[in-house]
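The values are calculated or read from the model by the stated rules, or taken from the named source; none is laboratory data. Just so it is clear, the model here is predicted, and its values are computed rather than measured. Virtual Cβ from ideal backbone geometry, glycine too; neighbours counted across all protein chains shown. Protein only, heavy atoms only, side chains kept; ligands, DNA and RNA dropped before computing areas. Shrake-Rupley method; radii C 1.70, N 1.55, O 1.52, S 1.80 Å.
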Amino acid sequence: MRVFPVYAPKLIIKHVRIFLSGAIWVKDLGRLEFEKGLFLLPRKGQPKIKQAVVELNALIEKQNQLALQA
């Protein structure tokens, strides 16, 4: 599990694209799990966490689409 001391979406996405499945810990958000290159929405979570997961997944999808076009 990698620990991120700040919420840095680009660094987090880079980590997820390399490892594809696992978990990370982000300060102020907590533990976020990802599988097959996408983050999983927590069953019980604060709106702030769910918003971050949706944002990260959108950025991952955007990068995947850009890679397919190139």
Which percent of the accessible area of the chain is formed by carbon and sulfur heavy atoms (probe 1.4 angstrom)? 58
In segment 18-34, which residues have a backbone nitrogen under 19 Å from the label point lying 7 Å from MET1's Cα in the Cα-to-Cβ direction? 19-34
Measuring from the longest principal axis of the C-alpha atoms of the chain, the long axis of helix 47-69 (C-alpha) lies at a number of degrees, nearest 10, equal to 10
Please find the FRET efficiency linking LYS36 to LEU66, where r is the Cβ-Cβ separation and R0 is fixed at 22 Å, and quote it to the nearest 0.05. 0.70
In the list (i) 18.4, 55; (ii) 11.7, 38; (iii) 11.8, 31, the entry giving Rg and Dmax of the Cα atoms in Å computed from the coordinates is (ii)
Taking Cα atoms only, helix 9-19 is inclined relative to the longest principal axis of the chain by an angle, in degrees rounded to 10, of 70
Report relative contact order for the chain in percent, whole number only (criteria: Cα-Cα under 8 Å, sequence separation at least 6). 25
So which trypsin sites (Lys or Arg not before Pro) in the chain are both in a DSSP loop and have at most 12 other Cβ atoms within 10 Å of their Cβ? LYS27, LYS36, ARG43, LYS44
